[in-house]
Each structure stands twice: as structure tokens, then as C-alpha cells.
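Structure record follows, encoded as C-alpha cells.
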Amino acid sequence: MSQDSPRELLEQLIQQQPDDDERPSKSQLKREMHALQALGEAIIAMTPAERARFPLSDDMLAAVEETSRVRSHEGRRRHMQYVGKVMRREDLEAIKAVYAEIEQETLRRDHAFHRLEKWRDRLLEEGDAAVEAFIADFPDVDRQALRQLIRNAQREREKGKPPASARKLFRLIRDTAGL
């Protein structure tokens, strides 16, 4: 089985419409089952809040709940096969839409955190010019705390200490930006 993401496998599964003249091959059926199983595993790995957004049947919800009680490796493997079987009866289009939405939210959050990390690095490297630019973008920031954390983080960096102040600076930036 290839190492495609559950989203890619789901898209392939939805796009593959069997011809009316031919039965799907055994290999094709196995690929479809593996795709459904991988999607089930991805859903199980999500947080309960994310999982609640999916339009899942009662059988699927019970299978997801049962997963946490399965301890043995072989038992988990068999249970994941059962999850794949239950996934066959689910509305794959609706699940695909929710899965894509969750992926987009995750990407947006990651990009926002990368922007904040760039702000932190810029504040530590450029000094006052970056501080003024940050204050222009976020006028309600606690300027005294911002400058103090920048000084402490620069001092920690020079002495080779753990970046405790840099973490505090990131938290201040994140809280100021409202994330």
C-alpha cells in the first residue's frame, strides 16, 4: 500500500466509479478497503471535538469509542479492519468535506503561528526598528513588557541559556495578536 494521506485516499476512492460491465478487481477492492481503513484511523486519531463535526453513524461512533479499549496489537489490527468495514456505509462525500475543512483550519492556524514566530525572531534580531513596526501593527501591546522580554531573551541567547524569555515573548505576541 502506498503512503498516501487519508485525504488523498478518500479522493481516489470517491473518484473511482466502477464500470457497469466489469466487476472491480480484487486488488482494487483491497485498495478501497485500505483507503477506508486509513480514513477511519485518521478520524480516530482526531480530538473528540473534531470528530464530533463528522456526520458519523451510531455504528461508526461505537467503533471509534471501542478503539480506546483495544490493547493488543493484533486486536487493534482486526478492529481497524472492522472500522474500514463500517466506513463503507458512511457518507464519504460529507466526510471528505469535513475532513478538508479541518485540514484548512489546521493550515491557517499553522501559518498564523509561523507569522508569530517570524515576529518573535525579527524582534530579537532587529531590535528597536522591529519593536516600532510591531507596535504600529498591534498598538494595544504592553510596550514595557515587550521590551523587557526582548532584552531578557537576547541576554539568554548570548549566554547560551534555555530560551525561557523567548517563549514568554512568543506568548505575549500570541495573546496580543488574539490567537
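The values are calculated or read from the model by the stated rules, or taken from the named source; none is laboratory data. The model shown is predicted, which means the values in this text are computed figures rather than measured ones. Every residue, glycine as well, gets a Cβ built from its backbone with ideal geometry; the counts of neighbours run over all protein chains shown.
Some notes on this structure:
- Residue within region 95-117 that is at pLDDT 85 or above and over 19 Å from the mean Cα position of the chain (by Cα) present: no
- In region 114-136, the residues that are surrounded by fewer than 13 Cβ atoms within 10 Å (Cβ to Cβ) and not charged (D, E, K, R): His114, Ala129, Ala136
- Scanning region 137-152 finds one or more residues that are touching a Leu at 6+ places or on another chain (Cβ under 8 Å), surrounded by fewer than 17 Cβ atoms within 10 Å (Cβ to Cβ) and part of a loop (DSSP other than H, G, I, E, B).
- No other residue among Arg23, Arg77 is modelled with pLDDT of 90 or more, exposed (fewer than 13 other Cβ atoms within 10 Å of the Cβ) and not small (Gly, Ala, Ser) apart from Arg77.
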